[in-house]
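Trainee: Got a structure for you, written out below as structure tokens; questions coming shortly.
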Amino acid sequence: MLVFKVLGGLLALYVLLSLTTGTVYARSGLRGRTYRRDEDAPDYWTAIVGYAVLTLALLFWF
């Protein structure tokens, strides 16, 4: 479906933006948090990988 391709494209842009700025916002439970590459490296990369996998699923699976 086209809507999943559009969402995947937008999420891919967010991943690229997060990689260039070094900050990513990720939800955890009811709240979300901003992770910085220089302060919370493992959590930052976990969020980036999670969003990248979701991007690939939206673009190629659906």
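Trainee: Which label belongs to the value computed from this structure, given these candidates for P(r) over Cα pairs in 10 Å bins from 0, in percent: (1) 22, 37, 22, 12, 6, 1; (2) 23, 39, 24, 12, 2; (3) 24, 48, 25, 3?
Mentor: Recomputing P(r) over Cα pairs in 10 Å bins from 0, in percent here picks out (3).
Trainee: Modelling each spin label as a point 7 Å along the Cα-to-Cβ direction, I'd like the V49/L17 distance in nm, to one decimal.
Mentor: 2.4
Trainee: Can you tell me how much longer the chain between L59 and D38 gets when fully stretched, taken as 0.36 nm per residue apart minus their C-alpha distance, in nm with one decimal? Don't jump to the answer; show the numbers that get you there.
Mentor: On the way: separation 21, 0.36 × 21 = 7.56 nm, distance 2.97 nm.
That pair, L59 and D38, stretches by 4.6 nm at full extension.
Trainee: Enter the angle in degrees (range 0 to 90, nearest 10) between the Cα long axis of helix 2-21 and the first principal axis of the Cα atoms of the chain, meaning the one along which they spread out most.
Mentor: On a 0 to 90 degree scale, this one is about 20.
Trainee: Does anyone have the angle between helix 41-56 and the longest principal axis of the chain? Alpha-carbon axes, 0 to 90°, nearest 10?
Mentor: Helix 41-56 sits roughly 0 degrees off the main axis of the chain.
Trainee: Before rounding to the nearest 500, sum -39500 (n - 2.57) across all DSSP H runs of length at least 4 in the chain and divide by the residue total; then give [θ] at 222 nm in deg cm²/dmol.
Mentor: When only DSSP H runs of four or more count, the value is -19500 deg cm²/dmol.
Trainee: Note down the magnitude of the dipole of the chain about its Cα centre, charges +1 on Lys and Arg C-beta and -1 on Asp and Glu C-beta and zero elsewhere, to the nearest 20 debye.
Mentor: Dipole magnitude for the chain comes out near 200 debye.
Values in this text are rule-based calculations from the coordinates and carry no lab data. Because the structure is a prediction, the values reported are computed rather than measured. Glycine also receives a Cβ, built like all others from the backbone with ideal geometry; neighbour counts cover every protein chain displayed.
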